[in-house]
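Chemist: Here you go, one structure.
The values are calculated or read from the model by the stated rules, or taken from the named source; none is laboratory data. Bear in mind the structure is a predicted one, so any value in this text is a computation, not a measurement. Every residue, glycine among them, receives a Cβ derived from its backbone with ideal geometry; neighbour counts consider all protein chains shown. Ligands, DNA and RNA are excluded from the accessible area calculation, which covers all protein heavy atoms including side chains. Shrake-Rupley method; radii C 1.70, N 1.55, O 1.52, S 1.80 Å.
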Amino acid sequence: MNRFAELLDRLSYEPGRNNKLRLITSYLHRAEDPDRGFALAALTGALSFKHAKPGLIRELIAARSDPVLFALSYDYVGDLSETVALMWPSSLPLPSGERSTGVAQRSRSGEGDLPDRTELTPSPGSRLAAQADLSPEGRGEERRRNDPTPTLTDVVTTLATLGKAELPAQLARWLDELDETGRWALLKLVTGSLRIGVSARLAKTAAAALGDKDPHDVELIWPGLAPPYLELFAWLEGRADKPVNRDPAPFRPVMLAHAIADADFGNLDAADYIAEWKWDGIRIQAVSGADQHGQIVSRLYSRTGEDITNSFPDLLPSLRRPGAIDGELLVLREGRVQTFNVLQQRLNRKTVTSKLLKEYPIHLRAYDLLSDGENDLRTLPFEARRGKLEAFIAELDDPRIDLSATIPFDDWERLSAARKDPVSAGAGLDADAVEGVMLKRRDALYLPGRPKGQWWKWKHDPHIIDAVLMYAQRGHGKRSSFYSDYTFGVWTDGEGGDVLVPVGKAYFGFTDEELLQIDRFVRRNTAEKFGPVRHVVHAPDQGLVLEVAFEGLARSPRHKSGVAMRFPRISRLRWDKPPRDADRLETLQRLLD
Amino acid sequence: MSPTPAYITGMRPQDILLPVAAGLCCKPGGFHIDPVRPVERAVITHGHSDHARPGHGAVLATHETLDMMRLRYGENFAGSTQAIRYGEELRLGDVTVTFHPAGHVLGSAQIAVSCGGTCIVASGDYKDAHDPTCTPFELVPCDVFITEATFGLPVFRHGDAAGEVDKLLASVKLFPERAHLVGAYSLGKAQRLIALLREVGYDAPIYLHGAMEKITNYYVGRGVPLGELRAVKGVKKADLAGTITLAPPSATSDIWTRRFPDPVTAFASGWMRVRARARQRGVELPLVISDHADWDGLTKTIKATGAGEVWVTHGQEDALVHWCTAQGLRARPLDLVGYGDEDGDAALASSEAAEA
């Protein structure tokens, strides 16, 4: 448990993706089976046991601490698991020699490594020393062998079978045995709230790195694997063959498109391509297959291969035909595709209520077929797959699944016109949910990753506004010495004339050179500092205008301005423009209507 | 020692030491302890700038504390100075003063003030944990114990500093192409961290921010072995890969850090026990190493002094006063202002202001 706790601890502070990968891979390399397998399961969300409720944790600490001290501590720390982890009383018996008479020796210090510590303080420090008395090595391997602390495997396997009534006592025993970090990790684990900024995909990528394998390969066999993944590690470490994915509904690594630039068209022949609308939804893979008993198993995967089946139970009955559909998840109301803002209500939900299912009915718009029954279609050209897809969807004949229409065009001008006006080019009432067009080579095989020249995305031009930099905040990791997170605002009517109201935050879009320039500007034009945040001078004649590009706008009661931008980024620095000439809130409000 | 005058016997503790605006005032002795404003006669526990300020008439402190004040404020930091050794007895007015090791930083002392059979110990900042760079904490039995409460909440348990040093070295090993930048208070913490690194066998050169050089050299001059130290200034970026640099906490998130290759930002402080504190500062590698007693250290020490009365100052007074009362000890908070961690606290305070 200790190593896993150390890993979680490190990960919780590490902002960089690559560094997170290194930490996880290094852990998987050092930790043993089956502990590391359960750790990987914890990181990928593959562990399932009944989670402990915060109320239980509160009861445990209440029985072991002074209520005033607990209240003061909780108030200070602000997180229940962390407070309990930190103040859980050490179970070790107090060392003898505690003061019993009124007069203590004048000095207890002198020889030895931890003289006062062992005398006065029963903390992990003295625990070390106490164990050092038992084993000559003190630290390192010897300590570990004598370690009474539970392993991650102990915890996971016990929790899997433990009755509800036994949980409190078992949890208390573990908390007694672990140190602060161990207790914190245990409580995060049993309450089901790791929240350390690691996605399942990242954890699998780290595992792949252990054996220098392609993360796609791990993703492919993943659905057939179960914790503690002994066969996976055996393969990664070259001790065994690659595990075979016997999952009847496996994920297939997705094919991605490149963004097209104006210059690219000169090299492309319109006749080689098929165009479709680019839907502003969620890319998913819907897979169905028969298991050994002939039962149909259906799964939904995100584009990174995460199993998101449980979030969309309303789509499952429609996936009765064996095959693998590549398509876009959308919300349809009365046959009309809703915008991404509406779809968003269905995303990242822990529980799916029937109200949610009713108000946000889910729909799959299909644009590719990767397998039809037992047949893998990925080696066929796109045009042939498209034909199979059309037949598949027609035979399925399900209102929740339809075909993404193609856009007829003879040359790039025609397509460009369609992209500018999807309403009259066939998208009709669904045009609001169109974010551009897709171009796919007729002869493109279905290749994982982002192969060159096969698929192109030609998005709508983003919305652009000129906003004024209002606040700047330090970034994290590599950017921790830079003011790299910017809050920007636009003008609106205030009580005493025009005032700036914040409309968004952006922390990318600029070049490294521009970052240096903005950072310098922020430091020289700070009106006030609030810790890591700087109030940057923003007056009609003084300040920095940022050209902000964004994909869409939604009403937001949570923001003072009443609007929230989607995907805002800094597209240009307008050193030439005085802040008074920046845009007004009314301009944004018009976009909403 | 002259016989105690009759009017002094039966004195209440607050007749001996009383909190006033300038700090803790000893009327019968005619001095203040760690005054925050200039006074005629100051008795100073240790060299941190919130306790040792310039501009007093006369200063009584350990030799090391006086040296540190000289290093920081220049030769004329006080009208006159007097050095005192640990254990040495000194008569000041109607009281007797002795200094005892506080284990906080080099030269740090607890000050025992005795008068008419009553002994009050003003402990200043103290710790009862292992520190190779200073004389270990000495327990002084007393009637009234004045304790700090920087980490006066049961969530603060600092654990074993060696474990934190292991954590730092494991990170250096895992990221050999990156520089490790460790924020540490320049007086005490920096030198202790270096000494702890040396204790576990780390013998590579350790780099220092310019603001740490003077004090660190002073430690070396006082016979504290710290191994090979180098100024980081002027060192090429690429050469800092895989190295450890110590800097004042405020420097670890500033432009200065751009000279390092992809630095890992660490911070050695007792505050790092609380995650929100570490995150607030953008610390990636928090190291729980403190020069203050933790909750267990505070409570065990209070008990061990045998004091029947406890005065609690700077920090989490409420919790510690509550604990004392529950133990049957008389306890009260001393409302002294102007004390806190040295350079770190200002930064913390301002970042908290942003949170609020």
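Chemist: Once neighbouring chains are kept in place and the probe is 1.4 Å, which whole percent of the accessible area of the stretch A:463-590 is contributed by carbon and sulfur? Each step should come with its number before you reach the end.
Modeler: On the way: 2990 of 6310 Å².
It is 47 percent, rounded to a whole number.
Chemist: Related question: Say R0 is 25 Å: what FRET efficiency, to the nearest 0.05, do A:Val352 and A:Ala554 get from their beta-carbon distance?
Modeler: For R0 = 25 Å, the calculated efficiency reads 0.70.
Chemist: Mean shadow of the stretch A:25-80, computed from the convex hull of its alpha carbons, in nm²?
Modeler: Averaged projected area of the stretch A:25-80's Cα convex hull equals 6.0 nm².
Chemist: Along the charge dipole of the protein assembly as shown, pointing to its positive end and built from +1/-1 on Cβ of Lys, Arg, Asp and Glu, which listed residue (A:Ala418, B:His104, A:Thr149) has its Cα farthest out?
Modeler: A:Ala418
Chemist: What does the convex hull of the alpha-carbon atoms of the protein assembly as shown project to on average, in nm²?
Modeler: Projected area, direction-averaged: 45.7 nm².
Chemist: Report the Stokes-Einstein translational diffusion coefficient (µm² s⁻¹, integer) for the stretch A:237-342, Rh taken as the Kirkwood radius over Cα pairs, at 10 °C with viscosity 1.306 mPa s. Mind showing how you got there, number by number?
Modeler: Numbers: Rh = 16.8 Å.
Approximately 95 µm²/s, per Stokes-Einstein.
Chemist: Now, a different point. Quick one: buried accessible area between A and B, total over both chains, 1.4 angstrom probe, nearest 100 Å²?
Modeler: So the total buried area for this chain pair works out to about 5400 Å².
Chemist: Under 5 Å between amide H atoms, partner at least 5 residues away or on a different chain: which partners does B:Leu92 have, H built in plane at 1.01 Å?
Modeler: B:Val97
Chemist: Round to the nearest 10 and give me the degree value, 0 to 90, for the angle of helix B:343-355's Cα axis relative to the longest principal axis of chain B.
Modeler: Taking Cα atoms only, the helix is inclined about 80 degrees.
Chemist: Starting from the alpha-carbon convex hull of the stretch B:51-95, give the projected area averaged over all orientations, in nm².
Modeler: Averaged projected hull area, Cα only: 3.4 nm².
Chemist: Gain in length, A:Glu513 to A:Gln170, computed as 0.36 nm per residue apart minus the alpha-carbon separation, to one decimal in nm?
Modeler: Full-extension gain reported as 117.9 nm.
Chemist: Helix-derived [θ] at 222 nm for the protein assembly as shown: sum -39500 (n - 2.57) over DSSP H runs of at least 4, divide by residue count, nearest 500?
Modeler: That calculation yields -9000 deg cm²/dmol at 222 nm.
Chemist: How far apart, in nm, are two points set 7 Å out from the Cα along the Cα-to-Cβ line at A:Lys420 and at A:Ile296?
Modeler: Roughly 4.5 nm, to one decimal.
Chemist: Need the per-residue list for the stretch A:56-78: every residue with at least 50 Å² less accessible surface in the complex of protein chains than in the chain by itself, probe 1.4 Å, sorted by number.
Modeler: Residues shielded by partner chains are A:Leu69, A:Leu72, A:Tyr76.
Chemist: According to a simple spin-label model (label point 7 Å from Cα along Cα-to-Cβ), what is the distance in nm between A:Glu237 and A:Gln542?
Modeler: The two pseudo-label positions are separated by 6.5 nm.
Chemist: Specify, per residue and in Å³, the volume enclosed by the convex hull of the alpha carbon atoms belonging to the stretch A:326-372.
Modeler: In the stretch A:326-372, the Cα convex hull volume per residue is 105 Å³.
Chemist: Checking the a/c ratio against 1.5 first, then a/b against b/c, what shape does the Cα gyration tensor give for the stretch A:258-459? List each step's numbers first, then the result.
Modeler: Numbers: a/c = 1.96, a/b = 1.32, b/c = 1.48.
It comes out oblate by the Cα gyration axes.
Chemist: Taking the highest mean first, how do the peptides B:205-217, A:454-466 order by number of other beta carbon atoms within 10 angstrom per residue?
Modeler: Going by the mean number of other Cβ atoms within 10 Å, highest first, we get B:205-217, A:454-466.
Chemist: When only alpha-carbon atoms count, how far does the stretch A:463-590 stretch along each of its three principal axes, as whole angstroms with the largest first?
Modeler: Between the extreme Cα coordinates on each principal axis of the stretch A:463-590 lie 38, 31, 29 Å.
Chemist: Which far-off residues, 5 or more places away or on another chain, put their amide H under 5 Å from the one on A:Asp368, with H placed in the peptide plane?
Modeler: So A:Asp368 has HN proximity to A:Asp326.
Chemist: Treating the angle as unsigned and between 0 and 90°, give the value, to the nearest 10°, between the Cα long axis of helix B:210-221 and the longest Cα principal axis of chain B.
Modeler: Tilt of helix B:210-221: around 60 degrees.
Chemist: Ok, one more. So if we plug the beta-carbon distance of A:Arg520 and A:Asp262 into 1/(1 + (r/R0)^6) with R0 = 30 Å, what FRET efficiency do we get, rounded to 0.05?
Modeler: Given R0 = 30 Å and the Cβ-Cβ separation, E is 0.35.
Chemist: Enumerate the amide H contacts of A:Asp485 below 5 Å, restricted to partners 5 or more residues apart or on another chain; note that Pro and chain-start residues carry no placed amide H.
Modeler: Amide H neighbours of A:Asp485: A:Gln473, A:Gly475.
Chemist: Checking the table B:Lys189/B:Lys303; A:Lys20/A:Lys457; A:Lys420/A:Lys577; A:Lys50/A:Lys355; A:Lys50/A:Lys350 against a 19 Å threshold on Cα-Cα, which pairs fail?
Modeler: B:Lys189/B:Lys303; A:Lys20/A:Lys457; A:Lys420/A:Lys577; A:Lys50/A:Lys355
Chemist: Still on this structure: State, to one decimal in nm, how far the label point of B:Asn76 lies from the label point of A:Ala62, with both points 7 Å from Cα in the Cβ direction.
Modeler: Label-label distance for B:Asn76 and A:Ala62, simple model: 6.5 nm.
Chemist: Given a 1.4 Å probe, show me the residues in the stretch B:150-166 buried by at least 20 Å² of accessible surface when comparing the whole protein assembly to the chain alone.
Modeler: B:Leu153, B:Pro154, B:Val155, B:Arg157, B:Gly159, B:Asp160, B:Asp166
Chemist: On C-alpha positions alone, give me the angle between the axis of helix B:63-73 and the longest principal axis of chain B, in degrees, nearest 10.
Modeler: On a 0 to 90 degree scale, this one is about 60.
Chemist: Here's another thing I want to ask about it. Excluding residues on the same chain fewer than 8 positions from A:Lys459, give the aspartates and glutamates whose Cα lies under 18 Å from its Cα.
Modeler: Straight-distance partners of A:Lys459: A:Asp262, A:Asp264, A:Glu276, A:Asp280, A:Glu328, A:Asp411, A:Glu413, A:Asp421, A:Asp430, A:Asp432, A:Glu435, A:Glu551.
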